[in-house]
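The values are calculated or read from the model by the stated rules, or taken from the named source; none is laboratory data. Since we're looking at a predicted model, the values are computed, not measured. Cβ atoms come from the backbone with ideal geometry, glycine included; neighbour counts cover every protein chain shown. Ligands, DNA and RNA are stripped out before the accessible areas are found, and what is left, the full protein with its side chains, is counted by its heavy atoms. Shrake-Rupley method; radii C 1.70, N 1.55, O 1.52, S 1.80 Å.
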Amino acid sequence: MVRAVNEYGGSGSGYSEKIRWDKGSGAESRPRGRFNQSVTPMRSTAYSQWRLAPATLALGVSVLLSPTLGRAEEGAEASSRSPELEQRLSAALAAKGPSYRPRTEHLLEDGRPRFTNRLILEDSPYLIQHAHNPVDWYPWGPEAFDRARREGKLVFLSIGYSTCYWCHVMERESFEDLEIAGFLNRDFVAVKIDREVRPDLDQVYMTAVQLLGGQGGWPMTSILTPEAETIIAGTYFPPQELRRLLEGVEALWQEEPEELRAQARRVAAAVTWTLETARRATELAEDLAEGAAARLAADYDELQGGYGAAPKFPREPQLQLLLDQALRSGDAASETAALLTLRSMAQGGIHDQVGGGFHRYAIDNDWLVPHFEKMLYNQAQLARAYAVAWRLTGDPGFARVARRALDFVLRDLSSPEGAFYSATDAESEGEEGRFFLWTTAEIRAALPGDAAELAIRLFGVTEAGNFEGRNILHFPRSPEELARAEGLALGELFQRLDSITARLESARSVRPKPHRDEKVLTGWNGLMITALAEVGDTLGEPRYLAAAERAAELLWTRARDADGTLQRVYLEGRASVPALQEDYAFLGEGMIALYDVTGDARWLERAQGLADAMWTRFADPKGGGLYMAEPDDTPQMARPKDLADGPMPSGHSAALSLFSGLARRTEEPVYAERARTLVAAISGQVARAPEDFPSLLVALDRLRLGETGPRQYAAQGAVRVHARTRPAEAEKASLPARGRLIVEIDMRPGWHINAHRPLEDDLIGTILTGVEGRGWRLGDAIYPQPEVLRLGFTREPLALYQGKVRIGASYDPDPRAAVAEPTPSIPLKLRLQACSDRFCLAPETLALEVPTAAP
């Protein structure tokens with residue numbers, strides 16, 4: 001079976017976050033090494049507004065189709081290197097220790113690598129993978145471009161990441177080839193970038209690929225001038241076509257360098273324009289999120305969930321918007337679209353039915369056949385989505401999937417220190433997906449008789465298999481249908497499944513494992529910290545919260561310099577690479593999530609420190625918005641900003657969420673002001689294509705309307721509210737009826753709220769009420785005894801609440817409700833007015849959603 005070529009739609013803040021997926025696009029089935037080649041047609045939000053001159057594309061075609069102009073001399077000859085550099089490379093290789101296995105076919109008789117280049121000095125598993133290619137690679141930096149300018153050479157730029165399948169293919173075919181390496185070493189300066197470490201650079205050069213051909217993917221292959229401007233670019237090239245491209249471009253560089261420079265300047269101008277944010281601001285409608293969710297709900301696959309034709313990605317930011325609208329307004333269409341997608345993915349092969357967690361995408365429409373990579377950021381976002389789905393439905397299957405995703409991370413992606421690794425590869429034993437596939441014989445060998453036959457039925461296993469003679473485990477029917485077919489209750493089915501998958505996971509664990517990318521990325525860890533804290537709180541799992549706190553403490557103490565500067569990469573006990581804007585934003589959000597669950601003020605203080613540093617380091621005072629990276633001395637075509645969402649929320653979406661969260665939780669007005677400034681900077685783009693910014697729309701509603709769920713904040717964080725069902729306090733209060741809940745109100749020193757029955761007629765009392773239409777009836781609330789005090793600014797005494805107080809209430813199903821079954825959460829409204837010793841704020845009404853089901 002021939003698999004899809006490119007690793008598009010990848011991680012972090014890269015190319016895929018600047019594209020819009022055209023409905024109906026499909027995957028090609030064979031590699032095609034053209035400079036404008038890709039798997040899936042994609043277009044930039046701004047692409048239709050910019051067209052490169054025809055001469056630009058014509059020049060690329062003439063280069064690629066030119067006859068072979070000469071043969072590079074045999075063998076790979078590294079450029080001359082100083083004795084000092086050679087000593088550094090030798091020392092770095094020796095420091096890897098006796099267990100180190102060079103990733104190359106070029107080995108000496110004693111097993112040492114024949115070639116070692118500068119990438120051995122880097123803190124990126126992807127770059128280290130290429131440290132023993134015969135290509136004399138440079139990391140991105142001034143040294144490479146200084147040499148290119150000094151020697152008048154072009155730069156060969158290759159961008160990928162360590163779990164990219166077709167990156168491995170191109171490495172084996174071309175970068176391990178002595179002839180190609182010799183040509184690159186003689187006539188080019190070769191540079192490697194890990195797109196997960198430097199998504200800012202990936203965005204710039206992938207934008208050039210997109211503008212030249214309308215499509216893109218990984219591995220990305222570009223040829224640049226010594227000024228770092230793209231002449232021609234593409235993705236995967238088979239060896240013969242790569243040779244022709246290199247020889248053709250080098251010949252033109254010798255014969256017509258000014259024409260190539262002119263082309264590169266046109267490309268650079270197009271890239272700069274495309275990434276520009278200084279467009280006209282516009283007022284965003286109050287119902288923008290609602291409208292975007294309605295369009296997403298109308299456009300999803302009503303049979304299998306998700307969007308567009310295969311390959312299908314989870315598209316977590318879109319799911320986040322749909323779920324948020326379902327929580328905020330009870331939007332049935334958004335809820336239906338999100339839940340069908342989540343159920344379909346949970347049943348499919350994209351969900352690792354044995355080990356838990358999700359693969360990166362499915363190559364078919366049914367979510368059956370995955371690209372077997374597993375990324376940290378997918379697990380973080382999908383665990384949160386499934387936990388929200390449980391809040392909406394009470395379906396235990398959603399809670400089970402969320403737990404299994406996080407359990408996979410804690411088991412297989414956790415470092416001994418408590419941080420989280422980036423990804424696992426798709427390939428093992430030289431085959432894509434081999435680790436995850438099963439035969440009937442393997443299942444029967446791993447399980448006792450009846451359990452084996454049950455597993456074969458439940459997972460749709462056949463002798464013929466569904467993937468190259470083996471089986472991708474999946475549910476051919478819903479869990480409810482499978483339970484009925486087996487004569488089991490749903491809970492009993494899940495118990496048996498858990499027993500079966502535990503045995504299968506144990507049997508699978510002895511197989512050769514896929515490569516694991518063990519770099520710790522600060523931003524991705526921030527996403528996982530948020531997921532662990534939120535899901536742990538929602539599902540009542542203290543171990544998840546403990547893991548989140550451990551990771552957050554590690555990053556705070558080990559991924560920051562003495563002066564507080566954050567670093568992006570933590571590998572083998574060493575932090576390196578200056579953090580990007582997204583790292584500050586995602587880690588800051590993780591700190592807020594920890595504050596929400598624990599109430600520990602140090603997490604909120606750290607979130608504020610990260611937000612302040614992010615604004616200082618990345619804000620663009622002229623064009624507005626936030627740059628992805630701080631400036632450095634290496635030339636590049638543009639300094640990008642991370643605007644539209646991709647597989648993860650964009651840097652701008654994460655920043656807005658962070659500022660919105662702080663505006664709700666602190667008394668500092670600067671965070672609301674920064675949030676409004678950020679929105680204004682990109683409001684024109686958002687208004688034109690709001691579906692491209694789902695996470696930003698969620699963050700905007702967070703700023704305007706507050707949180708969703710059982711916790712809310714009032715009085716700019718001075719009042720913290722947490723609603724719970726069946727707490728011990730309610731039991732002690734002997735509240736009547738079927739259910740009991742407590743609303744806990746915690747006020748900072750110097751603040752109070754009016755009691756339920758104020759002593760003054762013109763004061764707003766604190767009142768707890770239910771919301772009709774959701775199937776629940778709230779009993780009479782039981783309010784605490786107020787304090788009666790005379791404050792300095794009043795003549796008459798006031799009845800008020802200070803410190804920490806609790807309101808109790810009972811609840812039961814409403815027999816008068818129009819719905820057949822009550823919703824899994826009770827909607828509440830808490831009306832209050834907060835005052836300090838000096839002034840009173842306007843009255844506020846907080847909307848609370850309190851889950852009733854046991855997770």
Mind checking which pairs have a first residue in the stretch 376-388 that is under 23 Å from P824 (Cβ atoms) and a second that is open to solvent by less than 10 Å² (accessible area, probe 1.4 Å) and of a type in the set (G, A, S), Cβ under 6 Å, 6 or more apart or different chains? L382/A405; A383/A402; A383/A405; A383/A531; R384/A531; Y386/A402; A387/A402
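Scan R674, R740 and give me the residue that is at pLDDT below 90, among the charged types (D, E, K, R) and crowded, with 19+ Cβ neighbours inside 10 Å.
Numbers: R674 fails: at pLDDT below 90.
Just a single option satisfies the conditions, and that option is R740.
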Of the listed residues (D600, D583), the one being over 30 Å from R149 (Cα atoms) and surrounded by fewer than 24 Cβ atoms within 10 Å (Cβ to Cβ) is D600
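Residue under question is D596, and the condition is that it be part of a helix (DSSP H, G or I), touching a strand residue (DSSP E or B) at 6+ places or on another chain (Cβ under 8 Å) and not hydroxyl-bearing (S, T, Y); does it hold?
Details: part of a helix (DSSP H, G or I): yes; touching a strand residue (DSSP E or B) at 6+ places or on another chain (Cβ under 8 Å): yes; not hydroxyl-bearing (S, T, Y): yes.
The answer is yes for D596.
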Take the residues in the stretch 464-514 that are farther than 17 Å from A346 by Cβ, among the charged types (D, E, K, R) and outside any helix (DSSP H, G or I); name whichever of them is most open to solvent (accessible area, probe 1.4 Å). K513
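Considering only residues of the stretch 818-830 that are of a type outside the set (D, E) and open to solvent by 30 Å² or more (accessible area, probe 1.4 Å), which is modelled with the highest pLDDT?
At the first step, the residues of the stretch 818-830 found to be of a type outside the set (D, E) are 818-820, 822-830.
Among the residues that remain, those that are also open to solvent by 30 Å² or more (accessible area, probe 1.4 Å) are: 818-820, 822-823, 829.
Working: A818: 66, V819: 66, A820: 65, P822: 80, T823: 78, K829: 93.
So the residue we want is K829.
Rundown of residues vs (1) of a type outside the set (F, W, Y); (2) outside any helix (DSSP H, G or I); (3) over 14 Å from F156 (Cα atoms), yes/no style:
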position: G182; (1), (2), (3): yes, no, no
position: A190; (1), (2), (3): yes, yes, no
position: V197; (1), (2), (3): yes, yes, yes
position: D200; (1), (2), (3): yes, no, yes
position: Y205; (1), (2), (3): no, no, no
position: A208; (1), (2), (3): yes, no, yes
position: L211; (1), (2), (3): yes, no, yes
position: G217; (1), (2), (3): yes, yes, yes
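May I ask you to say which residue of G624, G609 is modelled with pLDDT under 95, more than 30 Å from I223 (Cα to Cα) and surrounded by fewer than 20 Cβ atoms within 10 Å (Cβ to Cβ)?
On the way: G609 fails: modelled with pLDDT under 95.
None of the other options fit; the residue is G624.
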Matching entry among T207, T225 (being modelled with pLDDT under 95 and surrounded by 23 or more Cβ atoms within 10 Å (Cβ to Cβ)): T207
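So, of the residues in the stretch 151-175 that are open to solvent by 10 Å² or more (accessible area, probe 1.4 Å) and in contact with a Pro (Cβ under 9 Å, 6 or more places away or on another chain), which turns out to be farthest from H106 (Cα to Cα)? Walk me through it before giving the result.
Quick first cut of the stretch 151-175, residues open to solvent by 10 Å² or more (accessible area, probe 1.4 Å) only: 151-153, 165-166, 169, 172-173.
Narrowing further to those that are in contact with a Pro (Cβ under 9 Å, 6 or more places away or on another chain): 151-153, 166, 169, 173.
Numbers: E151: 28, G152: 30, K153: 27, W166: 20, V169: 16, E173: 13 Å.
Only one residue fits best here, namely G152.
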Just to be sure, is S174 out of contact with any strand residue (DSSP E or B) (no Cβ under 9 Å at 6 or more places or on another chain), at negative phi, among the small types (G, A, S) and modelled with pLDDT of 95 or more? yes
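Are any residues in the stretch 123-142 among the charged types (D, E, K, R) and modelled with pLDDT of 95 or more, and if so, which ones?
First, pick out the residues of the stretch 123-142 that are among the charged types (D, E, K, R): 123, 136.
Matches in the stretch 123-142: D136 only.
For (1) surrounded by fewer than 20 Cβ atoms within 10 Å (Cβ to Cβ); (2) outside any loop (DSSP other than H, G, I, E, B); (3) at pLDDT 95 or above, each residue gets a yes or a no:
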{"residue": "I682", "(1), (2), (3)": "no, yes, no"}
{"residue": "A687", "(1), (2), (3)": "yes, yes, no"}
{"residue": "V698", "(1), (2), (3)": "no, yes, yes"}
{"residue": "E707", "(1), (2), (3)": "no, no, no"}
Name the one entry in A593, A547, A575 that is farther than 24 Å from L656 by Cβ and in contact (Cβ under 8 Å) with a residue 60 or more places away in the chain. A547
The listed residue being in a loop (DSSP other than H, G, I, E, B), surrounded by 21 or more Cβ atoms within 10 Å (Cβ to Cβ) and either among the small types (G, A, S) or touching a Phe, Trp or Tyr at 6+ places or on another chain (Cβ under 7 Å) (or both), out of A148, A131: A131
If we scan the stretch 153-166, do we find a residue that is out of contact with any Ser or Thr (no Cβ under 9 Å at 6 or more places or on another chain), under 25 Å from R81 (Cβ atoms), among the charged types (D, E, K, R) and in contact (Cβ under 8 Å) with a residue 24 or more places away in the chain? yes
Scanning the stretch 259-273 for residues that are touching a residue at least 24 places away in the same chain (Cβ under 8 Å) and open to solvent by 20 Å² or more (accessible area, probe 1.4 Å) gives E259, R261, R265, R266, T272, W273
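Okay, residues lined up against (1) of a type in the set (D, E, K, R); (2) within 16 Å of the chain's Cα centre (by Cα); (3) part of a loop (DSSP other than H, G, I, E, B):
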site: T530; (1), (2), (3): no, yes, no
site: A562; (1), (2), (3): no, no, yes
site: W603; (1), (2), (3): no, no, no
site: Q608; (1), (2), (3): no, no, no
site: T616; (1), (2), (3): no, no, no
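Within the bounds of the stretch 241-256, is there any residue that is aliphatic (A, V, I, L, M), surrounded by 19 or more Cβ atoms within 10 Å (Cβ to Cβ) and part of a loop (DSSP other than H, G, I, E, B)? Steps first, answer last, please.
Narrowing the stretch 241-256 to residues aliphatic (A, V, I, L, M): 242, 245-246, 249, 251-252.
After this cut, where a residue has to be surrounded by 19 or more Cβ atoms within 10 Å (Cβ to Cβ) as well, the list is 242, 245-246, 249, 252.
Narrowing further to those that are part of a loop (DSSP other than H, G, I, E, B): none.
No.
For a quick check of your reading: which helices (runs of 4 or more DSSP H) sit entirely within the stretch 285-394 and have at least 2 residues that are among the hydroxyl-bearing types (S, T, Y) and open to solvent by 10 Å² or more (accessible area, probe 1.4 Å)? I'd like the intermediate steps shown before the answer.
Working: elements: 288-299, 316-329, 332-347, 376-393.
Qualifying helices (runs of 4 or more DSSP H): 332-347.
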Search result, residues across the stretch 765-799 that are among the β-branched types (V, I, T) and surrounded by fewer than 18 Cβ atoms within 10 Å (Cβ to Cβ): I767, T769, V771, I782, V788, T794
